[in-house]
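The values are calculated or read from the model by the stated rules, or taken from the named source; none is laboratory data. Just so you know, these numbers come straight off a predicted model, no measurement behind them. Cβ placement follows ideal geometry from the backbone for every residue including glycine, while neighbour counts extend to all protein chains displayed.
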Amino acid sequence: MSDMLVSCSHGGEDPERAILSFIFGNVAAAADQAAVVLLTIEGVWLGTKGYADDIHKDGFPPLKEVMQSFVSNGGQGWVCGTCAKPRNITDADLIEGAQIVTAAYVAQYLVSGAASIAF
């Protein structure tokens with residue numbers, strides 16, 4: 001199986017898409033695949049401390065729990081540096097398992113063979 005990149009451009013304004021991104025990433029991570037959730041646009045807020053704590057959607061597990069499981073299973077959160085900059089998000093703001101990355105970093109991951117899906 002190949003590495004997995006799940007793109008998430010939504011945060012609290014669309015809890016279902018935010019939660020699904022981490023559910024899908026967590027399935028891959030739990031199966032011992034390298035799994036990354038790429039956080040872009042409004043999704044970058046998910047990589048910041050406390051933001052996801054109260055995001056819920058009926059019929060889904062709380063986002064905070066899914067994210068913790070994802071990281072526990074070895075998943076990584078990549079925060080788009082281009083998106084983080086105008087929102088004044090820095091490394092100091094990030095949750096465990098998240099890092100700010102450049103577009104070149106993401107492109108290299110995809111070129112190296114990672115499969116991708118977007119929510």
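With respect to the numbered conditions (1) touching a residue at least 60 places away in the same chain (Cβ under 8 Å); (2) over 10 Å from the mean Cα position of the chain (by Cα), which one is the sole condition not fulfilled by ILE41?
Among (1) touching a residue at least 60 places away in the same chain (Cβ under 8 Å); (2) over 10 Å from the mean Cα position of the chain (by Cα), the lone unmet condition for ILE41 is (1).
Condition test on VAL101, is it over 21 Å from ASP14 (Cα atoms), surrounded by 15 or more Cβ atoms within 10 Å (Cβ to Cβ) and in contact with a Cys (Cβ under 9 Å, 6 or more places away or on another chain)?
yes
Within the stretch 79-96, which residues are under 15 Å from PHE22 (Cβ atoms) and touching a Ser or Thr at 6+ places or on another chain (Cβ under 9 Å)?
VAL79, ILE95 - these are the residues of the stretch 79-96 that are under 15 Å from PHE22 (Cβ atoms) and touching a Ser or Thr at 6+ places or on another chain (Cβ under 9 Å).
As an exercise: evaluate PHE22 against (1) surrounded by fewer than 22 Cβ atoms within 10 Å (Cβ to Cβ); (2) closer than 17 Å to ALA115 by Cβ and give the number of the one condition it does not meet.
Result: PHE22 fails condition (1) only.
I need the full set of residues from the stretch 59-78 which are within 12 Å of PHE22 (Cβ to Cβ) and assigned to a loop (DSSP other than H, G, I, E, B), in order please.
If the condition is that a residue be within 12 Å of PHE22 (Cβ to Cβ) and assigned to a loop (DSSP other than H, G, I, E, B), then PHE60, PRO61, PRO62, ASN73, GLY75 are the ones that fit.
Within the stretch 1-19, track down each residue that is surrounded by fewer than 21 Cβ atoms within 10 Å (Cβ to Cβ) and out of contact with any Phe, Trp or Tyr (no Cβ under 6 Å at 6 or more places or on another chain).
MET1, SER2, ASP3, SER7, SER9, GLY12, GLU13, ASP14, PRO15, GLU16
For the list (1) under 15 Å from ASP3 (Cα atoms); (2) modelled with pLDDT under 95, I need the number of the one condition that SER116 fails.
(2)
Give the stretch 31-46 a look and list any residue that's farther than 14 Å from THR82 by Cα, crowded, with 23+ Cβ neighbours inside 10 Å and among the small types (Gly, Ala, Ser), or say none.
ALA35
From the list ALA92, ALA107, ALA118, which one is more than 17 Å from GLY50 (Cβ to Cβ) and over 15 Å from the mean Cα position of the chain (by Cα)?
Checking each option against the conditions leaves just ALA107.
Of (1) part of a strand (DSSP E or B); (2) small (Gly, Ala, Ser); (3) without any contact (Cβ under 8 Å) to a residue 60 or more places away in the chain, SER7 satisfies all except one. Which?
Every condition holds for SER7 apart from (3).
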